[in-house]
Amino acid sequence: MLTDSNTSVVMPVYYQVALRQGTQWAFIHGETFYNPFNLPRFPIEDTFVGFGTSMTKVAKEFFKINGGKEGYYLANLMDKKYYYCGKYPFDVKVKLLELGIGKPDPFVDC
């Protein structure tokens with residue numbers, strides 16, 4: 001999963017993470033940490049539909065990046081941009097920081 005003993009990631013709803021293992025894509029539906037309007041949690045498929053795409057279309061875009069290399073991928077569903085992050089969960093966090101999302105953990109490298 002995306003969360004391991006050292007990594008948790010918070011990102012906007014229009015970003016979606018996937019893990020490629022072997023020939024399979026696993027989309028990771030994160031947890032909501034702030035829901036001021038008490039909206040219901042939508043199925044992951046509905047998130048993709050809401051941004052005019054599907055998991056199949058996004059997986060095809062991921063595959064175009066580098067031939068479906070194993071590891072973590074990130075999709076900006078709103079702007080239709082796709083990224084390969086790396087082999088480890090922490091690589092997703094690094095990619096989000098590169099994209100200007102989030103802040104470095106002040107307790108790392110203390």
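The values are calculated or read from the model by the stated rules, or taken from the named source; none is laboratory data. Note that the coordinates shown come from a computational prediction; the quantities given were computed from them, not determined experimentally. Don't worry about glycine lacking a Cβ; one is built from the backbone with ideal geometry, like all the others, and counts go over all protein chains shown. The accessibility values were calculated without ligands, DNA or RNA, using every heavy atom of the protein model including side chains. Shrake-Rupley method; radii C 1.70, N 1.55, O 1.52, S 1.80 Å.
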Inset, instruction - Give me the accessible area of F42, 1.4 Å probe, in Å² rounded to the nearest 10. - result: 110
Inset, instruction - Can you send over the solvent-accessible area of E45, 1.4 Å probe, protein chains only, in Å² to the nearest 10? - result: 90
Legend entry - Residues whose placed amide H lies under 5 Å from that of G86, excluding near-sequence neighbours: Y72
Inset, instruction - Mind grabbing the accessible area of R41 for me, 1.4 Å probe, Å², rounded to tens? - result: 130
Legend entry - Karplus (6.51, -1.76, 1.60) ³J(HN,Hα), θ = phi - 60°, over the range 61-72, in Hz, Gly and Pro reported as x: 5, 4, 4, 5, 4, 8, x, x, 4, 5, x, 9
Inset, instruction - Pull out a ≥ b ≥ c, the square roots of the eigenvalues of the alpha-carbon gyration tensor of the range 47-110, then state rounded if a/c is under 1.5, prolate if not and a/b is larger than b/c, and oblate in the remaining case. - result: oblate
Legend entry - Simple label model, 7 Å out from Cα along Cβ direction - D105 to F90, nm: 0.8
